[in-house]
Structure formats: structure tokens, C-alpha cells
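> The structure follows.
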Amino acid sequence: MNALIGILLALACALATNIGFLFKHRGACAAPKVDVRRPLRSARELFRSRLFAIGMVIATGAWIFHVAAMAVAPLSIVQAVLAGGVVLLAVMAERLFGLRIGARQWVGLGLTAAGLMLLGVTLPPAHGAQSQFSVPGMIAFEAGLVAAGTLLIAGPRIGAPAHHHGFMLGAAAGILFGVSDVAIKAISGLVGSAGPIGLLSPWTVLTVGASIVAFYASAKGLQDGEAVPVIAITGTAANMSGIVGGIIVFGDPLSGNALTLIIQCLAFAFVLAAAWLMPGPLRAAESLT
């Protein structure tokens, strides 16, 4: 029963997340460029944009759904359900926001959704919320994600193509949102066993820090890149981080069947292929007024 509730909450989160991201994209593009040297000023300018502020309110609601889902269902299942939101993103972008999506992006979105949902379908059922974790494993996994996110943010400074920096910032934001998701999952277990004192944890500090950096990386990525590829890679990176984190950190079970493992490897290949396809050119319709 808890798993079903978690899936329903994750579906609500997926819908709200993508609507919020599309509003934030339009609002961020209307605001002055994010300047990491003036973070408070940049945040004020972003929130002065009505569409960005609306998007953040919607995103806050999505975050509440997400936290609630992670508290009652295994992390890998929640993140796999969220993957279905990629298809919702494409439909809403075209129908509601006037963004024109090319065939290359449709293929990328389809591969992303197929890959992540295949992972969700082939993961064996887990009982309970699966919130127990190994501290050394948690530290190693989170440190690896933080390092990957940092490299993506530094992109052009270490030789990456400058015209893909918006896409890379979206990926970095997704990875850092994944850092936050894994930490929140750990906190939910601590609160469940120790009560509110479980919030007094280094994982709470990590959650806040990763979320702040992800906020600025996401906003800058939405300003510098095209909406659908940036939003899609942000969600994909967060979902993949959560699925892998659920398996590595929280011990969500893997299949013992050889055929199922092959399908899971194929699913990862779909996601990697989609990441290669998505940065292609997009044409956007006129901005909302």
C-alpha cells in the first residue's frame, strides 16, 4: 500500500515539476543573467520575474510531493516513476508553451523515458521505504556526485564546448538535485527512527548546500540553453542519481535474472544515447507575455 501511495505522489511530482520548470525557463530568460559573484542580487532579480516566481511556487509543491513519496516508497521506484514525466514535458512544452521540438529531441525524450521506465519495471519489488544506509557508502556516493556536478559547472573552463554549457549546467543541477534527494532519503530514515532530532544531521547541511548550488546552476542553464533539452537532462540526471543511489546506498534490490540484467544494461544505454541526442538545435516560439 505504501508503495502505491509513493507512486501516486511521484506522478503528481512529475507533473508539477515539469510545469514549474517551463514557467521558470520563461521567467529566467526574462531576468538579468545569473552572476555567481552576486548570488543574492541574482536571486532577487529571478524572483522579480513573475513567471519564474510562479514556477518556483509550483516547484515547491512538487518538492513536497517528492519528499512524501521518498518517505513511503523505495528511492529507485520513486525516481523511475518520475522518469515518465519526460514525456509529459514534451507534450506540455509544445501544447502549452509554444516550444517547437525537433525529431532529434523527440527521439531523445523517448529513449530517456523508455530507459528509465525499463529500469523501474525490471527492479525487483522492495518492501518498506528502504531508508537504512551505510555511512561510508553514503559519503563515497555523494562525494562522487558532487565532484561530477562541479566538473560540469566548470565546463568551458576545462575545455568543454561553450555552446553546450547551458545543457551541462542542467546536467549539473540534476546531479546536485540527486545529491539532495539521496540525503533527504537518509534523513527520512533518521527521523523515522529518532524523531525530529534526526534533522540535526550533516545530511541536512548537504541537502541545503546542494539545493542552493543546483538552484543557481539550473537558473543559469535555463538562461543559456534551450528549454526542453536543459529541463530533460536536469530531470534525467536527478532520476539516474536517485535510482543508482537507491541501489548502492540504500540497498534497493537488483534482479538476479540474467535476462533482466541485460534489459537493465540496455536501459542505461538508452539514457546515455538520449543524453547525446538532446543538445541538438531547437527553435522556440515567441515568449509568453
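> Here is a list of conditions, (1) at pLDDT 85 or above; (2) aliphatic (A, V, I, L, M); (3) closer than 21 Å to Leu116 by Cβ, and Ala217 meets all of them except one; can you say which number that is?
(3)
> Select from the stretch 187-203 the residues that are under 15 Å from Val67 (Cα atoms) and either of a type in the set (D, E, K, R) or surrounded by fewer than 16 Cβ atoms within 10 Å (Cβ to Cβ) (or both) and list them in ascending order.
Those that are under 15 Å from Val67 (Cα atoms) and either of a type in the set (D, E, K, R) or surrounded by fewer than 16 Cβ atoms within 10 Å (Cβ to Cβ) (or both): Gly192, Leu199.
> Within the stretch 161-174, is there a residue that is within 26 Å of Ile231 (Cα to Cα), outside any helix (DSSP H, G or I) and without any contact (Cβ under 8 Å) to a residue 12 or more places away in the chain?
Pass one, the stretch 161-174, residues within 26 Å of Ile231 (Cα to Cα): 161-174.
Okay, now just the ones that are also outside any helix (DSSP H, G or I), so 161.
Keeping just the survivors that are without any contact (Cβ under 8 Å) to a residue 12 or more places away in the chain gives 161.
Checked against the condition, which is being within 26 Å of Ile231 (Cα to Cα), outside any helix (DSSP H, G or I) and without any contact (Cβ under 8 Å) to a residue 12 or more places away in the chain, the stretch 161-174 yields at least one hit.
> Could you tell me how many of the residues in the stretch 9-42 are free of Cβ contacts under 8 Å to residues at least 24 places away in the same chain, part of a helix (DSSP H, G or I) and either under 16 Å from Leu82 (Cβ atoms) or not basic (Lys, Arg) (or both)?
Of the residues in that region, 1 qualify.
> Another one. Which members of the stretch 134-166 meet the condition of being modelled with pLDDT under 85 and touching a Lys or Arg at 6+ places or on another chain (Cβ under 8 Å)? Walk me through it before giving the result.
Taking the stretch 134-166 first, the residues modelled with pLDDT under 85 are 134, 155-164.
None - no residue of the stretch 134-166 is modelled with pLDDT under 85 and touching a Lys or Arg at 6+ places or on another chain (Cβ under 8 Å), so the list stays empty.
> Hey, another quick one. Checking the condition at pLDDT 75 or above and in contact with a strand residue (DSSP E or B) (Cβ under 7 Å, 6 or more places away or on another chain), which residue from Ala68, Ala59, Ala93 passes? Spell out how you get there, then give the answer.
Numbers: Ala68 fails: in contact with a strand residue (DSSP E or B) (Cβ under 7 Å, 6 or more places away or on another chain); Ala59 fails: in contact with a strand residue (DSSP E or B) (Cβ under 7 Å, 6 or more places away or on another chain).
On inspection, the qualifying residue turns out to be Ala93.
The values are calculated or read from the model by the stated rules, or taken from the named source; none is laboratory data. All figures in this text were calculated on a predicted structure; none of them were measured in a lab. Note that each Cβ is placed from the backbone with ideal geometry, even for glycine, and that neighbours are counted across all protein chains shown.
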